[in-house]
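Notes follow the structure.
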Amino acid sequence: MRSVILSLILVLPVFARAQEILVNVYNRNILSLNGKWSYIIDPYENGYYDYRYEPYDKNPNPYGGYFLDRQPAGKSELLEYNFDRSPVLTVPGDWNSQDDKLLYYEGTIWYRRQFEYTKDKPSNRLFIYFGAANYEAHVYLNGKKLGQHTGGFTPFQYEITDFIHEGRNSVVVKVDNRRRRDGVPTLNTDWWNYGGITRDVMIVEVPETFIADYCIQMAKGQNNNISGFIRLNGPVKAQKVKVEIPELKSVTEFTTDENGTAKVEITLKNLVHWSTDNPKLYTVNIATANETVCEKIGFRNIETRGTDILLNGKPVFLRGICIHEENPMRGGRAYSAEDALQLLNWAKELNCNYVRLAHYPHNEYMARLADEMGILIWEEIPVYWTILWDDPATFKNAKSQLTGLINRDKNRASVIIWSMANETPVSEERTSFLKNLSAHARELDDTRLISAAMEVHRDPGNPNYRIVEDPFADYVDIINFNQYIGWYDGLPSLCDEVNWIISYNKPVMISEFGAGALQGLHGDALTRWTEEYQEDLYKRTLSMLSKIPQFRGLSPWILCDFRSPRRPLPGIQDGWNRKGLIGENGTKKKAFYVLQEFYMQKAKEYGDW
Ligand code: GCB
């Protein structure tokens, strides 16, 4: 019995230290590890735990150091895991949409990829970088454990300088997508729990001392002043660093301190601000004596004044739509620049100037493309519904996902809102959780706006009143709430009756409303699931919302139908949430055109047409 249970990896007593994540990884010296990875399904995790359920990581295998990623030493040796005989999955990509038998799988899958590597320069350092893996990943290189990462939507990396071999190398990753009560998100969501290595994987080669992180953004409330920081990692911490913006003929030199950090302050003349009409990006070069990192960055100012949202000092109405990170036509998680283009092109066609990337950090291509297309963005972490508010480990997890997101996208002009949560039930623990998260976000980035998708309450004495009142509203810059009058709450005609009580002197936005419709199903406006019902609900909702005096934007639910196991209705839902304005085959529903027209009028009203 014992001898047939094989440990998968040789154990190193000390894990590689978790690293500060490299910013702007796509513009570095990288080797992509995307492609075909061999995989082994391991629902009982026998490659991770011995037969006493002790992790091999903690308790090195006493039976001779078997490990998964190797060939039997001779014909008599028993090995039961063998990647060479195993099928392959494409990385990046969720496993659910690549093999029918994995559609509902929740558990562990082991991945392996072999690759050759030769350094450009012997003194250079190497990192392995993962855009994301859902939900927990354990990473091993050539039999050494590099570390473990929790959270399905943020990047992670390990330094592999000392573990990589000249020539052939082998990386093994255990990915486990089981939902957890104490996780972020928790057990209960309304989206598909796609597992796998869902984003790009790469080896990054950098000099011994390298530019690890930087923030080059417009200072809060300023029009010409850039402020931020540069942080070096490596033995030569104190040195000269240059920031150059060739188009503006601006070159400024800074000196990093003994921690490798320099504060950046630059005054720019003749700067063209990034905006939705003119998404101007400047090439910015950040250089030390032996490294230059380049990136296109836009400079803009976002703030609120009273009930207005101001982009570069000018009132803006946010014509938005919610998006899940899914490609409805291919099926499964979106992960590429092409997927991002498809989704954001649809948003543009809808006359949007804004998108809400729900309900977790999307891949980096989205914000990069939005920068180029002039689309404003809301970014969010999966603090959704009923996570464990009083568990310090859950808070730490949420905070680390928020940090990962802000670190990655802090140089994107398109990103204007960090959202802390979606539809969370009011309680003291929840409000203090969100307060602490938002304080952390402001500490990391004081230039963007904070919000959350809050809930609506009824007035028990008056069926036609809806109230937005939430103690967390005091800590946000924009009030956002989800409401489903006409779908979960009465019929669409109720929209004509309802009065809103929203007493905040802040901009008010509606982060969600919507109705399910099966694309191609027609009937009268009172028949559920028809395109006509959804169309009618959109018309009535838009007139209802327009009566709210502080109304400054919206992001209806949702651009495309998306998969959700909560949606079983045969013949209609079949495992899809049908609230999309676009069906699973890419065809637009009638309500798409209602919103498109509304947005054209709004754009005209705000002088954006
Ligand atoms: C919501 C949630 C969203 C759901 C949506 C629905 O309020 O925020 O995740 O998918 O409603 O369709 O019910």
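Can you give me the C-alpha center-to-center distance between region 104-147 and region 238-282, rounded to a whole angstrom? Here the two parts' Cα centres lie 34 Å apart. A quarter of the convex hull surface defined by the alpha-carbon atoms of the chain gives 28.7 nm² as the mean projection.
How fast does region 136-249 diffuse by Stokes-Einstein, in µm²/s, taking the Kirkwood radius from C-alpha pairs at 4 °C and 1.567 mPa s? Don't jump to the answer; show the numbers that get you there.
Values: Rh = 18.3 Å.
Here the translational diffusion coefficient equals 71 µm²/s.
Can you send over the carbon and sulfur percentage of the accessible area for region 25-206, probe radius 1.4 Å, protein chains only?
Values: 3530 of 7420 Å².
Result for region 25-206: 48 percent of the exposed heavy-atom area is carbon or sulfur.
For region 304-605, pairs of C-alpha atoms spaced more than 24 angstrom apart make up 51 percent of the total. With helices as the sole contributors, the chain gives -5000 deg cm²/dmol at 222 nm; each DSSP H run of n ≥ 4 counts as -39500 (n - 2.57), and the sum is divided by every residue.
With the charge dipole of the chain set up from +1 on Lys and Arg Cβ and -1 on Asp and Glu Cβ about the Cα centre, the Cα lying farthest toward the positive end among the listed residues GLY523, MET202, ALA452 is that of MET202.
The local environment of PHE163, defined by Cβ-Cβ distances under 11 Å, has a net charge of 0 under the rule Lys, Arg +1 and Asp, Glu -1.
To the nearest ten degrees, helix 428-444 and the longest principal axis of the Cα atoms of the chain are 70 degrees apart. Split the accessible area of region 486-589 by element, probe 1.4 Å, and carbon with sulfur accounts for 52%.
Between 0 and 90 degrees, the angle of helix 392-409 with respect to the longest Cα principal axis of the chain falls at about 80 degrees. Over the chain, accessible surface divided per residue gives 38 Å², non-protein components excluded, 1.4 Å probe.
Which entries of LYS539/LYS602; LYS220/LYS263; LYS539/LYS588; LYS249/LYS269; LYS101/LYS588 show an alpha-carbon separation above 19 angstrom in the structure shown? Please report the intermediate quantities before stating the final value.
Details: LYS539/LYS602 14 Å; LYS220/LYS263 15 Å; LYS539/LYS588 16 Å; LYS249/LYS269 9 Å; LYS101/LYS588 31 Å.
Pairs exceeding 19 Å: LYS101/LYS588.
The calculated Kirkwood hydrodynamic radius for region 210-299 is 13.4 Å, given to one decimal from all distinct C-alpha pairs. In region 304-605, a dipole from Cβ-located charges (positive for Lys and Arg, negative for Asp and Glu) runs towards its positive end, and of HIS362, SER564, THR587 it is THR587 whose Cα lies farthest in that direction. I want the local charge near PRO207. Using Cβ-Cβ distances under 12 Å, sum +1 for each Lys or Arg and -1 for each Asp or Glu among the other residues. So the environment of PRO207 carries a net charge of 0. Loop-resident GluC sites (Glu not before Pro) (DSSP state other than H, G, I, E or B) in region 237-310 with no more than 10 further Cβ atoms inside 10 Å of their Cβ: GLU258.
A crude spin-label estimate for the pair VAL272 and ASP489, with each label 7 Å from Cα along the Cβ direction, gives 4.5 nm.
The modelled label-to-label distance between GLU455 and ASN285, using points 7 Å beyond Cα along the C-beta direction, is 5.5 nm. Summing Cβ point charges (Lys, Arg +1; Asp, Glu -1) relative to the Cα centre of the chain gives a dipole of roughly 620 debye. The calculated Kirkwood hydrodynamic radius for region 70-157 is 15.8 Å, given to one decimal from all distinct C-alpha pairs. Shown here for region 75-120: chymotrypsin sites (Phe, Trp or Tyr not before Pro) in loop regions (DSSP other than H, G, I, E, B) with at most 11 other Cβ atoms within 10 Å, namely TYR104. Per residue, the Cα convex hull of region 188-249 amounts to 247 Å³. Working from Cα positions, state the angle (0 to 90°, nearest 10) between the long axis of helix 337-349 and the longest principal axis of the chain. It works out to around 0 degrees.
Quick check: convex hull over the Cα atoms of region 25-206, volume per residue in Å³, rounded to an integer? Can you show the working numbers first?
Working: hull volume 24.7 nm³, N = 182.
Spelled out: Cα convex hull of region 25-206, divided by residues, is 136 Å³.
If you take the Cα centroid of region 546-569 and the Cα centroid of region 359-410, the two points sit 19 Å apart.
Do any trypsin sites (Lys or Arg not before Pro) in region 230-295 lie in a loop, going by DSSP, with at most 13 other beta-carbon atoms within 10 Å of their beta carbon, and if so which?
Sites meeting the loop and neighbour criteria: LYS249, LYS269.
The values are calculated or read from the model by the stated rules, or taken from the named source; none is laboratory data. Not measured: the values here are computed from a predicted model. Note that we place each Cβ from the backbone using ideal geometry, even for glycine, and neighbour counts take in every protein chain shown. With ligands, DNA and RNA removed, areas are computed over all heavy atoms of the protein, side chains included. Shrake-Rupley method; radii C 1.70, N 1.55, O 1.52, S 1.80 Å.
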